[in-house]
Every structure is written in structure tokens, then in C-alpha cells.
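The values are calculated or read from the model by the stated rules, or taken from the named source; none is laboratory data. A quick note: this is a predicted structure, and the numbers were derived from the prediction, not measured. Quick reminder, even Gly has a Cβ in these numbers, built from the backbone with ideal geometry, and neighbours come from all protein chains shown.
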Amino acid sequence: MFWKSAAARKSAPGVSVIIHFVKQLLARGVTFKLGTRALSLVTENGRVVGVVTDKGCFGATRGVMLACGAYESNPQAYEGLPGFFSMFPPTIDGDGMIMGAELGAQIRTIRNNLAVFLGFNANVRARKH
């Protein structure tokens, strides 16, 4: 498998981190709620104890992990960049990072070597020769 080689893991550290987390969570019997949108975090006495989703509220006993992706489809992140459009699905809008930051969480960028997916309309017109 591609991800088993050290060179492959080094060239895509973001993917490697996700694979590691998924393996560890599966080994611990964690249930994944695919296709479920987190709406807000539930706190008690300054601790996150659950999450409200579009499919109900889910409690947590040992913590909540926001493995939510980035913000490439959040138009507020690109204010001031005329003509910008995202090539990512609209669900990649940074809502998980915003929820965490509102409670004082630290946000860390996982650097990788993937191309930057920025989109600008070039408005190139065909030249007439």
C-alpha cells in the first residue's frame, strides 16, 4: 500500500495524520458519524462535553476531536481577493475551526506539499491573429 512507505508518509503528512487518527479511533471502537454536520459544541463548567449536529446531540465522556478540514470554501476567508472562487466542496468552510476558536482552542496548520488550490477567473479572451 502506498501509505506504508516512509517516503510516502513524509510527502503527505496531513494524510498520514488522518490515517493515524482513524486507525486509533477504530481500534478504540469509536463510531464515525459520516455525512453529519457539526453545528455547535456543548460545554459544561468550561469543558467540551458534546456536539450538536444536524442529526441530534452527541455527548462525549473523554473529549471531542475536531478533525474538520480547512476553510477553502469560506468566502469570508478570501475577502479582498477579487475574482476568487473555491474549487473545493462547499462543506469545507472552516466551521469546525471557528467552533473551536470561539472556545479558545488553538488551531494548527498541517503543512504538506500539495499544490495550492486557489482559483481566479482569468478572463482570457481568444486572440485573433
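Can you confirm whether residue 58 is without any contact (Cβ under 8 Å) to a residue 60 or more places away in the chain, more than 21 Å from residue 108 (Cα to Cα), of a type in the set (Phe, Trp, Tyr) and surrounded by 11 or more Cβ atoms within 10 Å (Cβ to Cβ)? So residue 58 fits the description; yes. For the subset of the range 32-57 comprising residues that are at pLDDT 90 or above and assigned to a loop (DSSP other than H, G, I, E, B), which member is farthest from the chain's Cα centre (by Cα)? This residue is 45. Applying the condition of being touching a strand residue (DSSP E or B) at 6+ places or on another chain (Cβ under 9 Å) and hydroxyl-bearing (Ser, Thr, Tyr) to the range 58-109 and asking which residue is modelled with the highest pLDDT yields 61.
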